[in-house]
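Note sheet for the following structure.
The values are calculated or read from the model by the stated rules, or taken from the named source; none is laboratory data. The shown structure was predicted, so the numbers you read here are calculated from the model rather than taken from an experiment. We place every Cβ from the backbone using ideal geometry, glycine too, and count neighbours over all the protein chains shown.
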């Protein structure tokens, strides 16, 4: 099923819960702009068309092992860090981080 808001093609059993503008930390110095999308089954990052790296990242909620908040420049409360059971860590800079963080936390229960 294609979600018009995020332009993601989702499996039929997935529903979008929340979507926010975000940047995804690609390398220690490089962030990719796009949207972070929470569904009832997974967390997605979809880069926007202006990026050279245009793939989609999918983190299945069942595989999330760590969820924590972080700050940019030590004072701006806008980072969300997600770790999966395979040892991967994903850092997102999210618009209205607390709302998105709380929604992810609720889905993990």
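Looking only at region 78-88, which residues are more than 10 Å from residue 67 (Cα to Cα) and touching a strand residue (DSSP E or B) at 6+ places or on another chain (Cβ under 7 Å)?
Applying the first criterion (more than 10 Å from residue 67 (Cα to Cα)) to region 78-88 yields 78-79, 85-88.
Within region 78-88, 78, 79, 85 meet the criteria.
Being under 19 Å from residue 28 (Cβ atoms) and modelled with pLDDT of 95 or more is the filter here, so list the residues in region 55-69 that pass it.
Those that are under 19 Å from residue 28 (Cβ atoms) and modelled with pLDDT of 95 or more: 66, 68.
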